[in-house]
Amino acid sequence: MANHGVMIPSAVVAANVDAYVRHAKAAVDLDSGNVVSLTALTGTSGEREVWTAAVPATGATLKNLWMVGEPEIVLTDSKYKNINPNVLDFYNVAGKVFSAFKLQLGDVVVLTADALGGTISTNTFVVATDGTAELTWASAAVSGVSLKLLATEYISIPTLGTIGETQRTTAYRFEVVALA
């Protein structure tokens, strides 16, 4: 089983401005930290405020994207919470509603290596790329969503639930430097 991406909203405008948070659903599975364009309301009965999320494509849809902000807790069969404490197993299932927030210049987010496409090498940016919801490593910002690497860090991953666990995964702190 592959690990899924984890995103921690370190300092984002959406934390204090409700207009930058929306509910959405996609036709594909998405990880926390993926980017999507919100195309229109779903139009489905009972989903008055749910938007259709699409994987970015070329041109305008690589700009002004929304970041998938969930799951923060695992929800199994809509009944049981926090059964598995390993956040690398969490993802948004296709067709299920999740929250997304509108990226703003200056937002700071932490993303695990599993949330990113490509390889870090000497790259210092991650950018929106055609045909994928993952931000991809790049050597420079692009016309569209671009985040600049600020620091490499680690996120603790509790797997046994014991004090002093040393399981961790690599993560990167980024600042949003371009949107359009």
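For a footprinting-style exposure proxy, rank 168, 173, 22 by other Cβ within 10 Å, fewest first.
On the way: 168 12, 173 17, 22 20.
If I rank by nearby Cβ atoms, fewest first, I get 168, 173, 22.
Among 11-20, 106-115, the peptide with the highest mean count of other Cβ atoms within 10 Å heads the list, and the full ranking is 106-115, 11-20. Fully extending the segment from residue 119 to residue 19 would add 32.6 nm, taking 0.36 nm per residue of separation and subtracting the current Cα-Cα distance. Once you list every other residue whose beta carbon is under 11 Å from the beta carbon of residue 128, what net charge do they have if Lys and Arg are +1 and Asp and Glu are -1? Net charge around residue 128: -1.
Using a cut-off of 12 Å between beta-carbons, work out the net charge of the residues near residue 39 (Lys and Arg +1, Asp and Glu -1, residue 39 not included).
Working: positive: 22, 25; negative: none.
Taking every Cβ under 12 Å from that of residue 39, the sum is +2.
None of the figures in this text is laboratory data; all of them are computed from the coordinates on show. What you are looking at is a predicted structure, and each value in this text was computed from that prediction instead of being measured. Backbone-built Cβ (ideal geometry, glycine too); neighbour counts: all protein chains shown.
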